[in-house]
Amino acid sequence: MNLAEFSKQIRRETLRCIHSQGSGHVGGSLSIADVLAVLYANHMRVDPKTPKKEGRDRLVLSKGHAGPALYATLALKGFFPMEWLDTLNVLGTRLPSHVNINLTPGVDMTAGSLGQGLSCACGLALGEKIKKGDGYVYAICGDGELQEGQNWEAVMFAANKKLDNLIIFVDNNKMQIDGLTKDVMNIEDVEAKFKSFGFATCRVDGHDHNAIDQAISIAKAEQGVPHCIVLDTVKGKGVSIYETMGIGVHSTTVTDEQYAVALQELK
């Protein structure tokens, strides 16, 4: 699969999803489109026809407000009809604002309050070990989310249990709802922090498909330790009006005019 085109498709359908509501979490959805493209094109062992299949790989979207990007990816992979993307967060929808395992085929863990996803990912990874399975658990968390202490308890647990089937991605877009991450509560050097807890770590351009793909392959080949891949990303990546919006892009509008401009840029 052409990863550049797949990433554009994910971004187009992400914005379609948010445009259906008129506004939403644009910035952090667009910043993870590339890692989702690499995962679902090259690594995730999943079957859209049987989304609960035992032994599958699992994805925990800890930054659950970026659900539109995951919904777009799952729809493109055939987990549910593309028309569902026009129902984001409406009454009775299967696509709520934050991902929900009970509503959406292909969603492996519900997300709500930030900071809880890594704990859930650890549980899934440990469960796979107990069952002697070979499935991987991938988790995507935000950089601002790492300000929550529960994450570091989970990280300590993962290292202690040698969960080498766990790969954590940090969407390091350096912004959060209240400002720049470094100003709200600086988390750098985040790679060094994970390493100090016993993780195998690396840091790559979060929009470089080859770099992401190689980092995942290296992580899967290294046994005995959990893994963290820090993705340096741009919030709102792929659409100029959103890339230059600053912290306001965390949650913003997708008007008819903005949507048309975005689709032109994402051709």
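The values are calculated or read from the model by the stated rules, or taken from the named source; none is laboratory data. A quick note: this is a predicted structure, and the numbers were derived from the prediction, not measured. Counting neighbours? That spans all protein chains shown, and the Cβs are built from the backbone with ideal geometry, glycine included. Just the protein is used for accessible areas: all its heavy atoms, side chains included, with ligands, DNA and RNA removed. Shrake-Rupley method; radii C 1.70, N 1.55, O 1.52, S 1.80 Å.
Antiparallel versus total DSSP beta bridges in the chain: what percent is that, nearest 5?
Values: 4 of 26 bridges.
If I count the DSSP bridges inside the chain, around 15 percent turn out antiparallel.
Taking a ≥ b ≥ c as the square roots of the eigenvalues of the Cα gyration tensor of the stretch 134-194, is the shape rounded (a/c under 1.5), prolate (a/b larger than b/c) or oblate?
Prolate shape, in that a/c is at least 1.5 and a/b is the bigger ratio.
At 1.4 Å probe size, with every protein chain present, just tell me what the per residue accessible area of the chain comes to in Å². Walk me through the numbers before you get to the answer.
Values: 11050 Å² over 267 residues.
It amounts to 41 Å² per residue over the chain.
Accessible surface of Asp178 in the full protein assembly, 1.4 angstrom probe, to the nearest 10 Å²?
It works out to around 120 Å².
Excluding residues fewer than 8 places away in the same chain, name every one of the lysines whose C-alpha is closer than 19 Å to that of Lys174.
Those lysines meeting the cut-off are Lys63, Lys182, Lys193, Lys235, Lys237.
If the elastic network links every pair of Cα atoms under 10 Å, which of Asp108, Asp213, Asp189 fluctuates the most in the Gaussian network model of the chain?
Asp189
Work from the charge dipole of the stretch 174-267 (Cβ charges, +1 for Lys and Arg, -1 for Asp and Glu, about the Cα centre) and give the residue of Phe197, Ile187, Ala262 farthest towards its positive end.
Value computed over the given set: Phe197.
Using a Förster distance of 25 Å, how high is the FRET efficiency between Ala260 and Glu83, based on the Cβ-Cβ distance and rounded to 0.05?
So, using R0 = 25 Å, E works out to roughly 0.75.
Towards the positive end of the charge dipole of the chain, with charges on Cβ (+1 Lys, Arg; -1 Asp, Glu), say which of Phe169, Tyr40, His98 has the farthest Cα.
Tyr40
Return the single residue from Cys17, Cys120, Cys141 with maximal mean-square fluctuation; model: Gaussian network over the chain, springs between Cα atoms under 10 Å.
Residue with maximal mean-square fluctuation among Cys17, Cys120, Cys141: Cys120.
Tell me whether the stretch 56-100 comes out rounded, prolate or oblate; compute the Cα gyration tensor, take square roots of the eigenvalues as a ≥ b ≥ c, and use a/c under 1.5 as the rounded threshold. Please report the intermediate quantities before stating the final value.
Numbers: a/c = 2.02, a/b = 1.17, b/c = 1.72.
Verdict is oblate for the stretch 56-100.
Suppose every K and R has +1 on its Cβ and every D and E has -1 on its Cβ; what is the size of the dipole of the chain about the Cα centre, in Debye to the nearest 20?
That gives the chain a dipole magnitude of about 820 debye.
Sequence-distant or interchain residues sharing an amide H contact under 5 Å with Arg58, placed H: which?
Those qualifying (amide H under 5 Å, at least 5 residues apart or on another chain) are Tyr136, Val137, Tyr138.
Ignoring ligands, DNA and RNA, how do Arg16, Arg58 rank by accessible area with a 1.4 Å probe, largest first?
Largest accessible area first, the residues go Arg16, Arg58.
So for the chain, averaging the separation of alpha carbon pairs under 8 Å that are six or more residues apart and normalising by length, what relative contact order in percent results?
Relative contact order here is 24 percent.
Want the number for Gln147 to Asn160: 0.36 nm per residue separation, take away the alpha-carbon distance, what's left? Intermediate values should be presented prior to the final figure.
Numbers: separation 13, 0.36 × 13 = 4.68 nm, distance 2.12 nm.
So the chain would gain 2.6 nm between Gln147 and Asn160.
Tell me, what % of the accessible area of the chain is carbon and sulfur with a 1.4 angstrom probe?
52 percent
Along the positive direction of the dipole of the stretch 129-267 (beta-carbon charges: Lys, Arg +1; Asp, Glu -1; about the Cα centre), which of Val155, Gly238, Asn210 reaches farthest?
After comparing all options, I get Val155.
How much accessible surface does Val46 have with a 1.4 Å probe, in Å² rounded to 10?
Accessible area of Val46: about 50 Å².
Give me the one-decimal nm value for the distance between modelled label points at Asp134 and Lys182, 7 Å along each residue's Cα-to-Cβ direction.
4.4 nm
Sum up the charges of everything whose Cβ sits under 11 Å from the Cβ of Ala211, counting Lys and Arg as +1 and Asp and Glu as -1, but leave Ala211 out.
For residues surrounding Ala211, the net value is -4.
Taking the Cα centre of the stretch 125-227 as origin, sum charge times position over the Cβ atoms of Lys and Arg (+1) and Asp and Glu (-1), and report the length of that vector in debye to the nearest 20.
The dipole magnitude comes to about 560 debye.
For Phe169, what residues show an amide H to amide H distance below 5 Å, using hydrogens built from the backbone and excluding near sequence neighbours?
Counting only residues 5 or more places away or on other chains, the set is Ala139, Ile140, Cys141, Ile229.
Select from Asp183, Asp232, Asp57 the residue whose mean-square fluctuation is largest in a Gaussian network model of the chain (Cα-Cα springs shorter than 10 Å).
Residue with maximal mean-square fluctuation among Asp183, Asp232, Asp57: Asp183.
Tell me the accessible surface of Thr50 in square angstrom (1.4 angstrom probe, heavy atoms of protein chains only), to the nearest ten.
60 Å²
What pairs in Lys52/Lys129; Lys220/Lys267; Lys53/Lys129 have C-alpha atoms more than 28 Å from each other?
Lys220/Lys267
Need the C-alpha centroid separation for the stretch 198-214 versus the stretch 98-155, integer Å.
Computed from Cα coordinates, the inter-centre distance equals 19 Å.
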